[in-house]
């Protein structure tokens, strides 16, 4: 309709023309006023934006015409009666939102927020949003109901006060934020908690120190500014308190709901807790002065003991100290501490908790060019190094097989810029672990043997034996030509001392001349070591080897015994590249070792050195080779090992490490550039990436983004960076040459991901539904019953279980279910949840009685650690079932889109095919139509979903689909069942339907 010009006289009763013009310019700059929307609503012909704004102010608002889809003047006026007490238009009051307790502009906004608020365990009120007559809820009812529901745990919530937090929002948004985050973070929410906070921390707060950190000035009183701004952004309230340090140092406090600074001020200081990092407790000066003209490198060594990796670290540090300022970071002090202190400018001792602050301390004071991690035992520093944005080179000498916990090596590789391993066999072991955990291989691993450690008489123990003392100890007759076979290392199962002894027994039977087997190293103590030494003692006795085999004490240098040795036998089950073997090479001794047990076997296989490789742990074959090398004929052959001496040059090794530092610096620069791009695109979702429901602080979000960039740089994508983006799939589609972090391309989605919290609940009851639940663990039946019951979903339920007893338990748990029929069937314990779904209830699901079918099961995942299976199950059930509102949203998606065939939970984990692609290729021809397999599939991880029955018809109609199904216990990965799990979206597509994922803000497992 057209409004009469006579009504324009109302403008003169509101304010002067100049004020109207000012208001018009204000609303034109705000998204709450849409000129196009208003022109259509008011049925005006003019397209002049200024005229439209003036028309709204002088006429439209009084008529209740909405200026946009986000503002309703009638609702806003009713919900905020105080907005009617001045002459300004309601929209102007809305724009000046800090004045109003409830900044909700439309009724739909209020009800949507109320839905989310009522979903929390803290809520004790009536759940208005589930009523069918929700549209009749009065304008004040949403606010009053929300307040009533929390009054017992959150008395007198002050919207205006809480809205002062920079991340809280206004009105019901503020209450929602407090329920989700603030309550657990100990934030102030009314005058009482506010006064208590200020009183508690005022004595410790240093306003001058705090203001100096503020990037932008604030008009607020400094203490208030820290409470509502600084505490959220990670700023320090004083020099003596660091929130990030306190949170990491004392997890009991961070998990208690206390505000960290208030806890420290009231309790922590009295309890002797440290509020900040004190350098004097961790750092001392070294033996060298810091030279500003030199670059500075930090070398981390896990302990200062006189063992392999620490000794290597000492030699690396000594060489680097010629050209660099060297700072030593020790995990634990020990015998080498004085030597390390002598060659360094500073020496620090710490762990993961203090490591972050130690690195930050040095990083602020010096231009740190890189950190060298001397072994995998320094993995605890990987995250702190990343958080300080330092270039890093990690040295890994160990096999992943015996490095526990599993994933420890991967945690070092994923954040390091460069990783150096001593042999291809070690790289394969490392990449196998990464492939198993992340489904791909790392691109930052370099194979480079460590080189031969320089000799230094300073490190020779006085207890070392001379050549003559060794002969006497071994009782060797100088007139006899006795062959000596040497083995070395700490006495333990990995070193294969038992295999060394067994081989000695075999050699004695075939070698005609005098021969002695000598094991040099500590650890043999039958009186105190019942796990290994007692069995070695018994073995020696039963094989009657006392005249052939001898244990010899550890020697700090093995030159003297090497001179006497004729053959070195590396009997280790796994030993990457032992220094003593390099000693043998440089002493030109033939070496015998097992295939697949060390990096040395590859050298001998390539005929580069004098030695032999035999089958893995084949002591008979080893004995033959040892006897052969010990024979006079073979013993006099031309030496070959001298040609390898240059290859093991330690100076060359150091030179290469310096080169790796330069590569690491370039990669770190790439990561920094990626971070800048990610911030500009605003595509990275830190909450989703971390799987945390609690809101991340700015610092936590920054660290999350840094970890994503670091992993992407190294070719690792264990998680996706935002809902709807499968990075592996996108990576395969564009085949980038050198780019890292593909999210930076600005691609928003590779598939449809729906945020359930942005939808309205509107269950479509006309859709007929069935639910299949497989309950091998029948004790979970009550959990499923209560979950489904409270949704008020109308559906028939088909339950499969694996024993008669379990059936009785399940039937009892569901005895009060009245929203449909319940069928409980006992099936063979084979095929997990898939076989009953595909076979047992096939006729029911193909009958046409049901349009939508849900598939769930009592997941426990016993193959993975701790409570992961339970968290996984609850994540899936909360996402796909949840409550009445949540399930209504999911059903409405099917009702609104007839082509939607499947819905499953968006999972941040990026899994892919892993070991299951061959099984998928085998199954594919059994399906008609045949599905097209994705290169990197997005699929319902955990095999729980809702599906339109027609979208899976080929699954039920396939003949012999599960032929070759393995019996229980099932492998963790690589089976037909795991393949079907990954094929489900492709099967849906092959039946001409679409699929989508759903998620609830930042929830994960």
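The values are calculated or read from the model by the stated rules, or taken from the named source; none is laboratory data. Computed from a predicted model, the values in this text were never measured in an experiment. Note that each Cβ is placed from the backbone with ideal geometry, even for glycine, and that neighbours are counted across all protein chains shown.
Checking every residue in segment 913-931 against the condition of being assigned by TED's automatic domain parsing to the domain that holds residue 982, modelled with pLDDT of 90 or more and touching a strand residue (DSSP E or B) at 6+ places or on another chain (Cβ under 6 Å) gives zero matches. The requirement of being in a helix (DSSP H, G or I), modelled with pLDDT of 95 or more and surrounded by 22 or more Cβ atoms within 10 Å (Cβ to Cβ) is satisfied by residue 622. A residue that is crowded, with 18+ Cβ neighbours inside 10 Å, on the phi > 0 side of the Ramachandran plot and touching a strand residue (DSSP E or B) at 6+ places or on another chain (Cβ under 9 Å) occurs somewhere in segment 511-524. Kindly establish whether residue 974 is touching a residue at least 12 places away in the same chain (Cβ under 8 Å), assigned to a loop (DSSP other than H, G, I, E, B), out of contact with any helix residue (DSSP H, G or I) (no Cβ under 6 Å at 6 or more places or on another chain) and on the phi > 0 side of the Ramachandran plot. Spelling it out, residue 974 is indeed touching a residue at least 12 places away in the same chain (Cβ under 8 Å), assigned to a loop (DSSP other than H, G, I, E, B), out of contact with any helix residue (DSSP H, G or I) (no Cβ under 6 Å at 6 or more places or on another chain) and on the phi > 0 side of the Ramachandran plot. Scan segment 320-329 residue by residue and report those that are surrounded by fewer than 24 Cβ atoms within 10 Å (Cβ to Cβ) and either in contact (Cβ under 8 Å) with a residue 24 or more places away in the chain or not assigned by TED's automatic domain parsing to the domain that holds residue 361 (or both). Those that are surrounded by fewer than 24 Cβ atoms within 10 Å (Cβ to Cβ) and either in contact (Cβ under 8 Å) with a residue 24 or more places away in the chain or not assigned by TED's automatic domain parsing to the domain that holds residue 361 (or both): 320, 321, 323, 324.
Beta carbons closer than 6 Å, at least 6 apart along the sequence or on distinct chains, never pair a first residue in segment 60-71 that is outside the structural domain of residue 88 (by TED's automatic domain parsing) with a second that is modelled with pLDDT under 90. The set of residues from segment 359-379 being closer than 19 Å to residue 700 by Cα and at pLDDT 95 or above comprises just one member, 359. Restricting 317, 391, 348, 379 to those that are crowded, with 18+ Cβ neighbours inside 10 Å and out of contact with any strand residue (DSSP E or B) (no Cβ under 6 Å at 6 or more places or on another chain) reduces the list to 379.
The number of residues in segment 950-960 that are surrounded by fewer than 20 Cβ atoms within 10 Å (Cβ to Cβ) and touching a helix residue (DSSP H, G or I) at 6+ places or on another chain (Cβ under 9 Å) comes to 7.
Assess whether residue 204 counts as being closer than 21 Å to residue 274 by Cβ, out of contact with any strand residue (DSSP E or B) (no Cβ under 7 Å at 6 or more places or on another chain) and either assigned to a helix (DSSP H, G or I) or touching a residue at least 24 places away in the same chain (Cβ under 8 Å) (or both). No. Answer with yes or no whether residue 499 is assigned to a helix (DSSP H, G or I), free of Cβ contacts under 8 Å to residues at least 24 places away in the same chain, out of contact with any strand residue (DSSP E or B) (no Cβ under 7 Å at 6 or more places or on another chain) and assigned by TED's automatic domain parsing to the domain that holds residue 551. Judged against the criteria, residue 499 is not a match.
Considering 303, 271, the condition of being closer than 26 Å to residue 406 by Cα and part of a loop (DSSP other than H, G, I, E, B) is satisfied by 303 alone. Selection over segment 530-558 of residues that are in contact (Cβ under 8 Å) with a residue 24 or more places away in the chain and closer than 19 Å to residue 475 by Cα gives a count of 11. Looking only at residues of segment 274-300 that are within 35 Å of the chain's Cα centre (by Cα) and part of a loop (DSSP other than H, G, I, E, B), we find that the one that is nearest to residue 379 (Cα to Cα) is 282. With the requirement that a residue be at pLDDT 80 or above and either in a loop (DSSP other than H, G, I, E, B) or not assigned by TED's automatic domain parsing to the domain that holds residue 571 (or both), what does segment 595-619 give you? Residues satisfying the conditions are 595, 596, 597, 599, 615, 616, 617, 618.
When 271, 284, 278 are checked against the criterion of being loosely packed, with under 14 Cβ neighbours inside 10 Å and closer than 13 Å to residue 240 by Cα, a single residue qualifies: 278. I'd like to check something: does segment 846-853 contain any residue that is over 20 Å from residue 955 (Cβ atoms), touching a residue at least 60 places away in the same chain (Cβ under 8 Å) and surrounded by 20 or more Cβ atoms within 10 Å (Cβ to Cβ)? Within segment 846-853, not a single residue is over 20 Å from residue 955 (Cβ atoms), touching a residue at least 60 places away in the same chain (Cβ under 8 Å) and surrounded by 20 or more Cβ atoms within 10 Å (Cβ to Cβ).
State the number of residues belonging to segment 684-712 that are surrounded by 18 or more Cβ atoms within 10 Å (Cβ to Cβ), at pLDDT 85 or above and not in a helix (DSSP H, G or I). So the count comes out to 2. Scanning segment 332-350 finds no residues that are touching a residue at least 60 places away in the same chain (Cβ under 8 Å) and under 21 Å from the mean Cα position of the chain (by Cα).
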